[in-house]
Amino acid sequence: KDLDQSRQLAPPPPPPPPPQDEPVEESETRTSEREEGSREDSGGVPEKMYGVVDDGRGPFGGEWRPITDLGKDDWVIYLRIQKTGSQTFWQTLQQAFDGRVWGRNRMCQRGLFCGHRCASVADDQITEILKSRLKARPQAGAAHRSHPRAPPRAPTRPTRAGRHLLASRPDPDQCSLVFRGHVNWQDYLRGFKEVWAKQALVWATEPSESLVPPGAPLPRVFYLTFLREPVGRAVSEFRHITEGLVAQFGPHTFGAAWDYNFTFDPKAPIEEKRRVGTFSAWLRCPACRVGSANRMTRFLGSGTGTGELTAEEDALSRGANAKAEAVARRAELIEKAGKKPGPEIDDQVLEAVRGAVARAGERMLGVARARLTGCAFVGLMERYEDSMLVLKRTFPSSLKGMTSFASSPHAKGKGPERPISAGELASLRELNALDVVLYAHAAELFEARLTSMRDALPPAIATLAFKSDSKAKGNQRAFFRLS
């Protein structure tokens, strides 16, 4: 239903020209030949960073380029933004992606889940995958000696700690394919940096226990992501965290989002939650801005952790909330004779904060646009079947056996679905102004890549597409086959 509604929405306006100070990276070499470094706060556009970060002049841009050289040291990471058809996508990846390039002869592991402040989870996930391959090099000294910077070293047996790691691996030979958590770009970036830094220290003290060769550069990472028309995505999020959660887990979960609390009180009756948990209340909720305003731009372009507002956004939310409370308090005191009204929040201060938020937002949008351009795969929920076709062709070896996929819809709420007014939708679109621009950029990238893909493929293959094999009813799964 969400997918059908999204397709009916009018296309967003064309994106403005990119800012002049957006990053440019002329090199198309592997990450091992790039220098690492960036301004990581939300107020700066990264100049150089591991992975691909530029706007149309790098390895991907608006041109379709298949990944034909995926190697055992490469990583594939799905940036899973909420309510963009992500459950269908990650389950398809797990079932269809051939992990033999990483020594996996069965379905890739599910991995860890996270939806808020996920830096440590990203660290744990990366470390767990590296540990799962310990058996491939039980003589760590000999393996490390092949690195040009490693000192000559006789083969050694793993230490007691190393043997413990080897014996305690929960799932050996894991794929370097990460897809399950709602973890943003920044937390993955920090995770790789921290793991590599920790392993450098391990090598200096206990080489046999190091998971990464000494001096090894950060790995090559292929990022995948899906975007969705911003207003439709936000409406879907509201319905999911209210009635959708009730359908999945019970009435006590109403209002419990991944990274914020909207009217969540496990002891309150569901009738009371529905009374106060309206769409207009969600739009006014300061904590809910993580999900109601520019989630996609923040997910890709923010320097903060997963599910965190930028410092400027947080200051504005707290200031606006304090302003509203002061006005309400003033009105209350005026009604009581002999009471002096308390001070109000200075409007000029709030206006200054709004200006800072706007400037930070533009910088964050610039980062998000650049990172999106550098993604190996960009899909659109409104073009799901075409997107899955582009995915298959982007990884011709790893997804060679992907000839079908099935939708995996969440349970839909059975509670009252109150209509959303035109005024509320207009307010929601204004809240998501950055996402509107980012989505337009994504749509432009997608069309350019789809066109170049069809032009590059032989006619007999270029005409194939995923087509519906049956129609889903309610929450039933829909199947799509390549034909």
Practice problem: May I ask you to compute the full-extension gain from ARG284 to GLU417, defined as 0.36 nm times their residue separation minus their alpha-carbon distance, rounded to one decimal in nm? | Solution: 46.0 nm
Practice problem: Please list the radius of gyration and Dmax for region 215-291, considering alpha-carbon atoms only, with Å as the unit. | Solution: 16.6, 59
Quiz prompt | Positive-end residue of VAL235, PRO214, PHE249, charge dipole of region 206-263 with Cβ unit charges | solution = VAL235
Quiz item: Tell me, in nm to one decimal, what length is gained between ALA358 and VAL276 on full extension, where the rule is 0.36 nm per residue of separation less the Cα-Cα distance?
Solution: 26.5 nm
Exercise. Rank by packing, highest mean first: peptides 456-468, 381-393, with packing defined as the count of other Cβ atoms within 10 Å averaged across residues.
Key: 381-393, 456-468
Quiz item: Counting Lys and Arg as +1 and Asp and Glu as -1, each charge on the Cβ, what is the dipole of region 387-439 about the Cα centre in debye, to the nearest 20?
Solution: 400 debye
Quiz item: Going by the alpha-carbon gyration tensor, a ≥ b ≥ c the square roots of its eigenvalues, is region 388-483 rounded (a/c under 1.5) or, if a/c is not under 1.5, prolate (a/b greater than b/c) versus oblate?
Solution: oblate
Quiz prompt | Sequence-distant residues sharing a close amide H with LEU380 (under 5 Å, placed H) | solution = LEU227, SER387
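Bear in mind that the values in this text are calculations on the coordinates, not laboratory data. Worth saying up front: this structure is predicted, and the values here are computed from it rather than measured. Neighbour counts run over all protein chains shown; Cβ positions are idealised from the backbone, glycine included.
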